[in-house]
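Enquirer: Provided herewith is a single structure, encoded as structure tokens, for subsequent inquiry.
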Amino acid sequence: MAGQDLIIEPIKYRVPLSRPEKGVAGKTGFWRTEKPVVDKEKCVKCWLCEIYCPVDVIRVEPETGPTIDYDYCKGCGVCSNVCPSGAITMVPEE
Amino acid sequence: MAQTRPKPPLPYRMRDIVLPGDAACPGCPIPMAWKVLAAVFRDKMILVIPACCSSVVVGAYPGNSIKASVVHVAFASAAAVASGIAEALKKRGVNDVQVIAWAGDGGTADIGMASLSGAAERNHDMIYIMYDNEAYMNTGIQRSSSTPFGAWTTTTPIIGKTEHKKDVARIMIAHGVPYVATASIAYPHDFYAKLQKARRIRGFKFIHLHAPCPTGWRFDPKYTVEIAKLAVETGLWILYEYYDGKIHLSGPSRPYMDPAKRKPVEEYLKLQGRFKKMTPEKIEEIKKYAEMYWDWIKRHM
């Protein structure tokens, strides 16, 4: 990197403010070793998985049941541990 | 596992403030607690975050993983900066935005103690939340004054910590602030109710939040909620509120006032790798300390 200009234009009149955005640490789905899979037959729609999900990727709707955004799910397994009916199982990632 | 019955409004209100793809470890309790903050305040909050895991979790420059204002400050000054912001908002007449100082146990119990004590004495209108993961997790699991007795850390590697945990909630009660509470990430509805109560009180509010850290406590990430729950069920962590000069025991902790109803402490300790070298004498010592804490609660109810 020596000899190369790191700052192209001066930030004299701009304040370096961060803006809210998805995926600050990239697609965190790549961190996953186990994948949560929902059995919608067993689900009782109690919202516990959505309440406790640390990445906020689970959405439980009264009509359709839970859906998981696998782009960002880190596969921690908290949802399968708190599920009272055992509807979420952790399946090893291929 | 006993389950708390959720009330439907909470999940809908907690959506879309904590954005997916943050830099937290899998199973981290910090975003779980932020979701409860989001359910109460939505984006009308200013988080003041000193150096701790949370300043990593929100991410670096172009992005920000929480849809609220975040101010990053130096380690010792979270309460000082938050009190400045609170006064500035008051001068400008902004009433609907809540200033929240969000610091870890190192930034509260050790390094930030002086500025915290000053802000409590001046009674600024803010909420100070200490999320207690019981060591300096961000820098590599060093011992803090909030680490419990007997726990392994990288600076207490052989026999574990030989001192007991510093009880910051009791220190804050001694300051005479209007509202002090303890909470746990395993009981989001209890935490939600406490935040709602704190929001209606003008003055300095302090909440001590128990947050198990999978990386530092050496357990599988999926047990985060279970371990937080066990801490309450074994009577080692007591949920209470302090206002009007009295301790008010919260719902989840009420059954465990009777020692016969508590689960054995070993159940909580055996799940965590940091308590691997516990001897029976040390477990007795932990039980004795917990009993002393309960006695103090009963005397001040």
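The values are calculated or read from the model by the stated rules, or taken from the named source; none is laboratory data. Please read these numbers as outputs of a predicted model, since none were measured by experiment. Here Cβ is always computed from backbone atoms with ideal geometry, including for glycine, and neighbour counts include all displayed protein chains. Calculation scope for accessible area: heavy atoms of the full protein, side chains included, ligands and nucleic acids excluded. Shrake-Rupley method; radii C 1.70, N 1.55, O 1.52, S 1.80 Å.
Enquirer: Could you tell me the accessible area of B:Glu163 in Å² (1.4 Å probe, neighbours in place), rounded to the nearest ten?
Expert: The value for B:Glu163 is about 80 Å².
Enquirer: Moving to a separate point now. If amide hydrogens are placed 1.01 Å from N in the peptide plane, which non-local residues have theirs closer than 5 Å to the one on B:Leu239?
Expert: B:Ser250, B:Ser253
Enquirer: Whole number in Å², please: accessible area per residue of the stretch A:28-92, 1.4 Å probe, ligands, DNA and RNA not counted.
Expert: Details: 2780 Å² over 65 residues.
With all protein chains present, the stretch A:28-92 gives 43 Å² per residue.
Enquirer: Taking each residue of A:40-50 in turn, how many C-beta atoms of other protein chains fall within 10 Å of its C-beta, and what is the average?
Expert: Other-chain Cβ atoms within 10 Å of each residue's Cβ, averaged: 3.
Enquirer: Where does the protein assembly as shown land at 222 nm, in deg cm²/dmol rounded to the nearest 500, when only DSSP H runs of n ≥ 4 count, each adding -39500 (n - 2.57), divided by all residues?
Expert: Working: 13 runs with 118 residues, N = 395.
That calculation yields -8500 deg cm²/dmol at 222 nm.
Enquirer: While we're on this one: What distance in nm lies between label points placed 7 Å from Cα along the C-beta direction at B:Ile159 and B:Met257?
Expert: 3.8 nm
Enquirer: Order the peptides B:103-114, A:76-87 from the highest to the lowest mean number of other Cβ atoms within 10 Å of their residues.
Expert: Values: B:103-114: 24.9, A:76-87: 20.8.
Peptide ranking by packing, descending: B:103-114, A:76-87.
Enquirer: Would you mind counting up the charge near B:Asp295? Only other residues with Cβ under 15 Å from its Cβ, with Lys and Arg at +1 and Asp and Glu at -1.
Expert: On the way: positive: B:Arg170, B:Arg262, B:Lys287, B:Lys288, B:Lys298, B:Arg299; negative: B:Asp167, B:Asp258, B:Glu291.
Local net charge: +3.
Enquirer: May I ask for the equivalent-ellipsoid semi-axes of chain A, computed as the square root of five times each C-alpha gyration tensor eigenvalue and listed largest first in whole Å? Provide the component values of the computation, followed by the final result.
Expert: On the way: eigenvalues 309, 54, 17 Å².
Three semi-axes, in Å: 39, 16, 9.
Enquirer: While we're here: Give me the Å³ per residue figure for the convex hull around the C-alpha atoms of the stretch B:4-140. The partial results should precede the final answer.
Expert: Details: hull volume 17.6 nm³, N = 137.
Roughly 129 Å³ of hull volume per residue.
Enquirer: Right, something else. Show me, for the stretch B:252-261, the HN-Hα J-couplings you get by feeding each phi into the Karplus relation (A = 6.51, B = -1.76, C = 1.60, θ = phi - 60°), rounded to Hz, glycine and proline as x.
Expert: The phi angles translate into x, 8, 4, x, 8, 5, 8, x, 5, 8 Hz.
Enquirer: Per residue, how many Å² of accessible area does chain B show with a 1.4 Å probe?
Expert: On the way: 11660 Å² over 301 residues.
That works out to 39 Å² for each residue.
Enquirer: Also, quick follow-up: By what distance, in whole Å, do the Cα atoms of chain B stretch along each of the three principal axes, largest value first?
Expert: Here the Cα extents, ordered largest to smallest, are 58, 43, 41 Å.
Enquirer: Using θ = phi - 60° and the Karplus form 6.51 cos²θ - 1.76 cosθ + 1.60, what ³J(HN,Hα) does each residue of the stretch B:143-153 get, whole Hz, x for Gly and Pro?
Expert: For the stretch B:143-153, the Karplus curve yields 5, 10, 6, 9, 5, x, 4, x, 7, 6, 9 Hz.
Enquirer: Give a residue-ordered list of calculated ³J(HN,Hα) values for the stretch A:29-36 (Karplus: 6.51 cos²θ - 1.76 cosθ + 1.60, θ = phi - 60°; whole Hz; x for Gly, Pro).
Expert: These are the phi-based 3J(HN,Hα) values: x, 5, 6, 6, 10, 10, 10, x Hz.
Enquirer: Sticking with this one: Sequence neighbours fewer than 8 away in the same chain don't count; with that in mind, list the lysines whose C-alpha is under 20 Å from A:Lys22.
Expert: A:Lys74, B:Lys35, B:Lys44, B:Lys67
Enquirer: Around B:Glu284, with a cut-off of 13 angstrom between Cβ atoms, what is the net charge of the other residues, counting Lys and Arg +1 and Asp and Glu -1?
Expert: Details: positive: B:Lys282, B:Lys287, B:Lys288; negative: B:Glu266, B:Glu281, B:Glu285, B:Glu291.
Result for the neighbourhood of B:Glu284: -1.
Enquirer: Averaged over B:22-35, how many beta carbons belonging to a partner chain fall within 10 Å of each residue's beta carbon?
Expert: The mean count of partner-chain Cβ atoms within 10 Å per residue comes to 5.
Enquirer: Sequence neighbours fewer than 8 away in the same chain don't count; with that in mind, list the lysines whose C-alpha is under 23 Å from B:Lys261.
Expert: Of all the lysines, those that pass the test against B:Lys261 - Cα under 23 Å, at least 8 places apart if same chain - are B:Lys229, B:Lys270, B:Lys282, B:Lys287, B:Lys288, B:Lys298.
Enquirer: Given R₀ = 30 Å, FRET efficiency for A:Glu63-B:Arg200 by Cβ-Cβ distance, to 0.05? Before the final figure, lay out the partial values.
Expert: Numbers: r = 35 Å, r/R0 = 1.17.
Given R0 = 30 Å and the Cβ-Cβ separation, E is 0.30.
Enquirer: Which value, in square angstrom to the nearest 100, describes the accessible area buried between chains A and B on both sides, using a 1.4 angstrom probe? Show your work: numbers first, answer last.
Expert: On the way: alone 7450 and 13270 Å², together 17450 Å².
Summing both sides, the interface buries roughly 3300 Å².
Enquirer: Next up: Across the residues of A:23-35, average count of Cβ atoms on other protein chains within 10 Å? If you can, show how the numbers build up before the last one.
Expert: Values: counts 7, 15, 11, 2, 2, 6, 2, 0, 2, 1, 1, 2, 0.
Whole-number average of other-chain Cβ neighbours for A:23-35 is 4.
Enquirer: Over 19 Å apart: what share of the alpha carbon pairs of the stretch B:75-169 falls there, rounded to a whole percent? Walk me through the intermediate numbers first.
Expert: Values: 2048 of 4465 pairs.
Roughly 46 percent, rounded to a whole number.
Enquirer: Continuing with this model, one more query. With no solvent and one point on each alpha carbon, what is the Debye value of log10 I(q)/I(0) for the stretch B:147-245 at q = 0.12, 0.15, 0.17, 0.24 Å⁻¹?
Expert: -0.47, -0.71, -0.87, -1.27
Enquirer: Can you give the convex hull volume of the alpha carbon atoms of the protein assembly as shown per residue, in Å³?
Expert: Details: hull volume 66.8 nm³, N = 395.
Hull volume over Cα atoms, normalised by residue count, gives 169 Å³.
Enquirer: Based on the Cβ-Cβ distance from B:Glu281 to B:Ala174, what FRET efficiency comes out when R0 is 41 Å, to the nearest 0.05?
Expert: The pair B:Glu281/B:Ala174 has a calculated efficiency of 0.85.
Enquirer: Continuing with this model, one more query. So, with a 1.4 angstrom probe, what is the percent of accessible area on the protein assembly as shown that is carbon and sulfur? Show your work: numbers first, answer last.
Expert: Details: 9860 of 17450 Å².
Exposed carbon and sulfur together represent 57 percent of the surface.
Enquirer: Hey, can you list the DSSP H helices of chain B whose Cα span along the axis is 20 Å or longer and whose average Kyte-Doolittle score is at least -0.5?
Expert: Details: long enough: B:78-92 (21 Å, 0.42); B:280-299 (29 Å, -1.32).
Membrane-span-like by this rule: B:78-92.
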